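The values are calculated or read from the model by the stated rules, or taken from the named source; none is laboratory data. Just so it is clear, the structure is predicted and the values come from calculations on it, not from any experiment. Cβ placement follows ideal geometry from the backbone for every residue including glycine, while neighbour counts extend to all protein chains displayed.
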Amino acid sequence: MAKLTLDDLRKLRDEKKQAMNQRDAEGKTAQVIIGMGTCGIAAGAKAAFDAFLDEMDKTGVTHATIKQTGCMGLCFSEPTVEVKMEGMPDVVYGNVDEDTARRIVRDHLKNKTLVSDHIFDKPSTDIIKD
Amino acid sequence: MAYKNYIMVCTGTGCESSKAGQLYENLNAELKAAGVEEEAQLVKTGCFGFCEQGPIVKILPDETFYVKVKPEDAKEIVAEHIVKGRPVDRLIYKEPSSDKTPVDTDNIGFYRKQFRIVLRNCAVINPEIIDEYIARDGYGALEKALFEMSPDDVLQEIKDSGLRGRGGAGFPTGTKWGFTKGVEADQKYIVCNADEGDPGAYMDRSVLEGDPHSVLEAMAIAGYTVGASKGFIYIRAEYPLAIDRLNLAIAQAKEYGLLGDNILGTDFSFDIELRLGAGAFVCGEETALLASIEGKRGMPIPRPPFPAVKGLWGKPTVINNVETWANIPVILLKGAKWFNSIGTETSKGTKVFALTGKINNSGLIEVPMGTTLREIIFDIGGGIAGGKPFKAAQTGGPSGGCITPQFLDTPIDYESLMSIGSMMGSGGMIVMDEDDCMIDVTKFYLEFTVDESCGKCAPCRIGGRTCYNILDRISKGKGEVEDLQKLKDIGHAMRKASLCGLGQTAPNPVMSTMKYFEDEYKAHIEDNKCPAGKCKDMLSFSINDNCVGCTACARVCPVSCISGEVKQKHVIDQDKCIKCGQCFTKCKFEAIDRA
């Protein structure tokens, strides 16, 4: 790498910041949790995961973290994805293929509208009050 | 393609020594073997601070905090967590008080009261990759200084921030820079004091290992401010990892044109070189340090003139400690106002402490100035190991003193520590319980300063040795009542007449322990007793009637001085006994008396 000019440095910083941003959970207001049990992976959860990462990158969504978890128990509607976001109800999406994943990023995370045709349920925490 | 997981592995010296390097290699191999090296990025980081629990592995973005991870755990972490998304429960940190897993790192008791400015990038970035530093606003402060601020603006900002030297004495950093800036000279120098020699202290090493670029950036900013084109980092050769990472960082910064000629295309040029010290405590004293850089024997010279005016090769030189430097970029980026909103009236910002000794969570911590010792020891440190009562905390190393239980609620800043006879120092904090003998501790520090004295001035050379001899006599039960006065007199003389800080502060541990633990001194001198049971020459071990003849003591005795038949009471041969106390700790029947 040659010597940097001021513009190079700023550009490099912005680029790297975005990459580093994905590590950080601080300041994130949304969580995407993907069920990655055997059932999830068999149903294509890995492809959905990649689609989430890719679409978030493309649309500049930086306020969400993507985490993986084990089987959520909804094996029949895998891949299952739970989305928690400030100002939105917690939602569990079922049968999330690549396209749906991209729609969730665009509609839910970015434009704050639910992807209604894939909603499986609202998590039980909503039903059971403690 | 972005990664799904990030595996942060601590590779600070502490974790390295418990095989973090091997763990890193194993994780790397396992990721490849499982075919997921594209999905998870393995990141080498600096110190997490929680050294007690090392080696530490943190998985992001889900913030799983694995502790005491062994190289052989790599397979399970990759197979379970990375591939299947199931955290490995047995490795997750659990709070000792509740046995629960904290939801995220910030919720761990050890981290909750911390505030990281100096350590902001430690354990967050890979210190060997400059891009990661840049992504965390690295070199942004240098950029701001060069393109938006005049040298006077920078100086004013540093002055307004209220930053004081973290090397110990707490001299205002802006004022120091101002002296150098104000002198006309054809050449000026910037020096980083990385000669960390206090027993028990390792914060400077951790900063250099975990975030070397922050120090380079700060030194360049100082160069721009005072008009210097050359910087030196004086570091002791005992810190090989820090040296490697600094060399790498300097090479990367030069390649990017962030050091060297015409930085970022401006007409400002600044270069940094390392100078390795042989590890002499006195070389932490600024004039001795400069002599050592010049290739002379590291001995102090009288001040004034101060190095800020007449330093390296007679030229004006700004010399600051590693921790002081690490504060500079943040101050410029976030502003003086932000910085001095943290801390106390007279001491702004945070302080890094190396918390060691008889404490549950030993490690590297950073807290806002004004945090109390109680918060540090009981909230962050998790209390005294083994639940014993707290006796004292030694701060400031051989130049400092002890803080006793009555001062647990004193807010820690430069002035209040000074007022209770201790000092901030560079930040070693050694916690002691009732099993520690204060005479023994004081003797240890004095032995250290006597060894490390350069011998140039008589008060330090002769005074230190004499004090040590007196303490040695007291600890052997041969002390006299007059000794206390003698120690005081010599101490005062050393404080007044020694040439440099080493000699001036060497009596501090003695003065401080004599003030707060006079009873203990008297017990040694008058009653020939060591209340903590530490001073061997005053101890004797004997076996009482509780003995059931289990032979455990006889088997553990290294000099075979315990005799007796099985199931019969045993006897210790007092002439042969070396008073190691092994039998005392081994006996399950409280059959051994220590007196």
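Scanning region A:61-97 for residues that are within 12 Å of another protein chain (Cβ to nearest Cβ), polar (S, T, N, Q) and in contact (Cβ under 8 Å) with a residue 40 or more places away in the chain returns A:62, A:65.
Per the listing B:534, B:529, B:586, the residue uniquely over 30 Å from residue B:481 (Cβ atoms), modelled with pLDDT under 90 and within 37 Å of the chain's Cα centre (by Cα) is B:586.
Contact map, region B:496-507: residues that are touching a residue at least 60 places away in the same chain (Cβ under 8 Å) and closer than 9 Å to residue B:300 by Cβ paired with residues that are of a type in the set (A, V, I, L, M, F, W, C) and surrounded by fewer than 22 Cβ atoms within 10 Å (Cβ to Cβ), Cβ distance under 6 Å, separation 6+ or inter-chain. Pairs shown: B:499/B:457. Residues in region B:77-87 that are within 34 Å of the chain's Cα centre (by Cα) and either over 21 Å from residue B:15 (Cβ atoms) or surrounded by fewer than 18 Cβ atoms within 10 Å (Cβ to Cβ) (or both): none. Might you check whether a residue that is touching a helix residue (DSSP H, G or I) at 6+ places or on another chain (Cβ under 9 Å), at positive phi and either assigned to a loop (DSSP other than H, G, I, E, B) or more than 14 Å from every other protein chain (Cβ to nearest Cβ) (or both) occurs anywhere in region B:103-116? Looking through region B:103-116, none of the residues is touching a helix residue (DSSP H, G or I) at 6+ places or on another chain (Cβ under 9 Å), at positive phi and either assigned to a loop (DSSP other than H, G, I, E, B) or more than 14 Å from every other protein chain (Cβ to nearest Cβ) (or both). Within region B:573-595, residues that are surrounded by 13 or more Cβ atoms within 10 Å (Cβ to Cβ) reach partners that are among the basic types (Lys, Arg) and in a helix (DSSP H, G or I) with beta carbons closer than 9 Å, at six or more positions or on different chains, in the pairs B:579/B:536; B:580/B:536; B:581/B:536; B:586/B:555; B:592/B:586. Has region B:286-293 got any residue that is touching a residue at least 24 places away in the same chain (Cβ under 8 Å) and either under 22 Å from residue B:14 (Cβ atoms) or acidic (Asp, Glu) (or both)? Yes, the conditions are met somewhere in region B:286-293. For region B:247-263, does any single residue satisfy the condition of being among the basic types (Lys, Arg) and touching a helix residue (DSSP H, G or I) at 6+ places or on another chain (Cβ under 8 Å)? Checking region B:247-263: not a single residue is among the basic types (Lys, Arg) and touching a helix residue (DSSP H, G or I) at 6+ places or on another chain (Cβ under 8 Å).
Could you grab me the full set of residues in region B:324-364 that are aromatic (Phe, Trp, Tyr) and either surrounded by 20 or more Cβ atoms within 10 Å (Cβ to Cβ) or touching a residue at least 24 places away in the same chain (Cβ under 8 Å) (or both)? Within region B:324-364, B:325, B:339, B:353 meet the criteria. Considering only residues in region B:130-170 that are in a loop (DSSP other than H, G, I, E, B) and touching a strand residue (DSSP E or B) at 6+ places or on another chain (Cβ under 9 Å), the one that is surrounded by the most Cβ atoms within 10 Å (Cβ to Cβ) turns out to be B:166. Of all helices (runs of 4 or more DSSP H) completely enclosed by region A:27-130, which ones contain at least 3 residues that are small (Gly, Ala, Ser)? So the answer is A:45-59. Report whether or not residue B:135 is at pLDDT 90 or above, more than 21 Å from residue B:333 (Cβ to Cβ) and of a type in the set (Gly, Ala, Ser). No. So, residue B:157, is that one closer than 14 Å to residue B:222 by Cα, within 14 Å of chain A (Cβ to nearest Cβ), of a type in the set (Asp, Glu) and in contact (Cβ under 8 Å) with a residue 12 or more places away in the chain or not? In short, no. Is it true that some residue in region B:211-219 is outside any loop (DSSP other than H, G, I, E, B), within 14 Å of chain A (Cβ to nearest Cβ) and either of a type outside the set (Gly, Ala, Ser) or surrounded by 24 or more Cβ atoms within 10 Å (Cβ to Cβ) (or both)? Yes, region B:211-219 contains at least one residue that is outside any loop (DSSP other than H, G, I, E, B), within 14 Å of chain A (Cβ to nearest Cβ) and either of a type outside the set (Gly, Ala, Ser) or surrounded by 24 or more Cβ atoms within 10 Å (Cβ to Cβ) (or both). Inspect all residues belonging to region B:240-251 and state whether any of them is surrounded by fewer than 22 Cβ atoms within 10 Å (Cβ to Cβ), of a type in the set (Asp, Glu) and assigned to a loop (DSSP other than H, G, I, E, B). No - not one qualifying residue is present in region B:240-251.
Out of curiosity, is residue B:266 among the hydroxyl-bearing types (Ser, Thr, Tyr) and in contact with a Pro (Cβ under 8 Å, 6 or more places away or on another chain)? Answer is no for this residue. Scanning region B:1-26 for residues that are within 13 Å of another protein chain (Cβ to nearest Cβ) and either in a loop (DSSP other than H, G, I, E, B) or without any contact (Cβ under 8 Å) to a residue 60 or more places away in the chain (or both) yields B:1, B:2, B:3, B:4, B:6. Residue pairs whose Cβ atoms lie under 7 Å apart, sitting 6 or more positions apart in sequence or on different chains, and linking a residue in region B:131-148 that is over 19 Å from residue B:226 (Cα atoms) to a partner that is buried (at least 18 other Cβ atoms within 10 Å of the Cβ) and at pLDDT 95 or above, are B:133/B:213; B:138/B:213; B:138/B:217.
Total residues in region B:518-533 satisfying the condition of being within 16 Å of residue B:593 (Cβ to Cβ) and either among the charged types (D, E, K, R) or part of a helix (DSSP H, G or I) (or both): the figure is 1.
Applying the condition of being more than 13 Å from chain A (Cβ to nearest Cβ) and free of Cβ contacts under 8 Å to residues at least 12 places away in the same chain to region B:68-100 and asking which residue is nearest to residue A:35 (Cα to Cα) yields B:90. Does residue B:549 count as outside the structural domain of residue B:482 (by the TED database) and closer than 11 Å to residue B:440 by Cβ? In short, no.
Among the conditions (1) basic (Lys, Arg); (2) at the interface with chain B (Cβ under 7 Å from one of its Cβ atoms); (3) not in a loop (DSSP other than H, G, I, E, B), the only one that residue A:10 does not satisfy is (2).
The number of residues in region B:27-49 being surrounded by fewer than 20 Cβ atoms within 10 Å (Cβ to Cβ) and away from chain A (no Cβ under 14 Å) comes to 5. For residue B:254, the conditions (1) under 18 Å from residue B:141 (Cβ atoms); (2) among the charged types (D, E, K, R); (3) within 14 Å of chain A (Cβ to nearest Cβ) are fulfilled apart from (1). Could you go through region A:48-60 and let me know if any residue there is touching a helix residue (DSSP H, G or I) at 6+ places or on another chain (Cβ under 8 Å), farther than 21 Å from residue B:83 by Cβ, within 12 Å of chain B (Cβ to nearest Cβ) and modelled with pLDDT under 85. So far as region A:48-60 goes, yes, one or more of its residues are touching a helix residue (DSSP H, G or I) at 6+ places or on another chain (Cβ under 8 Å), farther than 21 Å from residue B:83 by Cβ, within 12 Å of chain B (Cβ to nearest Cβ) and modelled with pLDDT under 85. Between B:419, B:341, the distinction of being under 21 Å from residue B:112 (Cα atoms) and of a type in the set (Ser, Thr, Tyr) belongs to B:341 only.
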